[in-house]
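Visitor: Let me give you the structure first, and then I'll get to my questions.
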């Protein structure tokens with residue numbers, strides 16, 4: 001079984017098969033972990049206040065993952081409204097999720113000039129129809145939709161990209177990945193997700209969305225895989241912001257990238273012509289959600 005078939009099976013198992021996208025079908029649903037407000041945005045949006053909707057379920061197991069609680073969903077999830085919170089049942093319909101986000105935004109940033117909501121995970125593209133209908137609903141309320149994704153499933157992104165204003169796509173280096181949630185999703189020796197990452201960027205660029213590509217760096221990352229990533233991204237180099245993120249030590253990645261290695265990776269990116277930033281997870285340092 002190839003990766004595309006395995007991902008489609010996962011989407012079907014989680015209730016997002018083709019039937020969910022047919023006209024007249026019920027509003028698509030997804031299991032959520034939380035809805036909250038923070039300044040934990042990715043890339044160019046680090047420090048920008050916005051609402052976040054975290055989807056449960058992820059096919060990957062990144063060694064540096066700091067949200068393992070997003071792998072599975074509880075029967076209810078918290079909606080954090082400034083000084084209070086409420087619990088909502090899982091799974092939740094896209095239009096209901098949009099209303100909950102509207103309430104969070106109204107409570108946490110009244111009078112904001114531009115409301116934004118980031119759909120993160122887990123992996124949102126396990127539920128592309130939910131992302132599409134949620135995006136349609138929140139954008140109808142004047143908000144802009146950010147999608148944070150591992151970017152390994154361009155077919156799923158194609159189903160919802162017309163509602164995406166900004167794509168924050170990961171580029172997963174092999175040294176940062178553990179065994180996936182299901183054996184059939186495992187990469188064979190020497191394989192990588194580069195072509196899928198690039199295709200996701202191309203889809204978002206064609207749609208007119210802004211695109212950031214994030215490469216998380218740990219002390220295990222080697223020059224050949226990093227250079228391979230730069231080569232794969234050359235086709236979209238002038239249309240993206242490349243973000244190098246020193247990993248926040250966590251779980252199976254207890255050490256971040258060494259500063260000498262970081263300097264070398266940064267220099268390689270600049271020589272290759274990328275617009276590049278080095279941005280750690282600021283919200284972790286601030287002890288914010």
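Visitor: Since residue 172 meets every condition but one in (1) more than 16 Å from the chain's Cα centre (by Cα); (2) part of a loop (DSSP other than H, G, I, E, B), which condition does it not meet?
Guide: The failed condition is (1).
Visitor: Moving on. Would you pick out the residues in region 132-144 that are surrounded by 23 or more Cβ atoms within 10 Å (Cβ to Cβ) and touching a strand residue (DSSP E or B) at 6+ places or on another chain (Cβ under 6 Å)?
Guide: Within region 132-144, 135, 138 qualify.
Visitor: Looking only at region 148-161, decide whether some residue is within 27 Å of residue 277 (Cβ to Cβ), modelled with pLDDT of 95 or more, in a loop (DSSP other than H, G, I, E, B) and over 16 Å from the mean Cα position of the chain (by Cα).
Guide: Looking for residues that are within 27 Å of residue 277 (Cβ to Cβ), modelled with pLDDT of 95 or more, in a loop (DSSP other than H, G, I, E, B) and over 16 Å from the mean Cα position of the chain (by Cα), one finds none in region 148-161, hence no.
Visitor: Within the bounds of region 67-80, is there any residue that is closer than 13 Å to residue 146 by Cα, under 13 Å from the mean Cα position of the chain (by Cα) and buried (at least 18 other Cβ atoms within 10 Å of the Cβ)?
Guide: No, there is no match, as no residue in region 67-80 is closer than 13 Å to residue 146 by Cα, under 13 Å from the mean Cα position of the chain (by Cα) and buried (at least 18 other Cβ atoms within 10 Å of the Cβ).
Visitor: State all residues of region 100-131 that are surrounded by fewer than 21 Cβ atoms within 10 Å (Cβ to Cβ) and touching a helix residue (DSSP H, G or I) at 6+ places or on another chain (Cβ under 8 Å); if no residue qualifies, say none.
Guide: Once the filter is applied, which keeps residues that are surrounded by fewer than 21 Cβ atoms within 10 Å (Cβ to Cβ) and touching a helix residue (DSSP H, G or I) at 6+ places or on another chain (Cβ under 8 Å), region 100-131 yields 102, 112, 115.
Visitor: Just one of 187, 167, 177 is more than 18 Å from residue 130 (Cα to Cα), in contact (Cβ under 8 Å) with a residue 12 or more places away in the chain and within 16 Å of the chain's Cα centre (by Cα); which is it?
Guide: The unique qualifying residue is 177.
The values are calculated or read from the model by the stated rules, or taken from the named source; none is laboratory data. Computed from a prediction, not measured in an experiment: that's the story for all the values here. For neighbour counting, all protein chains shown are included, and Cβ atoms are generated from backbone atoms with ideal geometry for every residue, glycine included.
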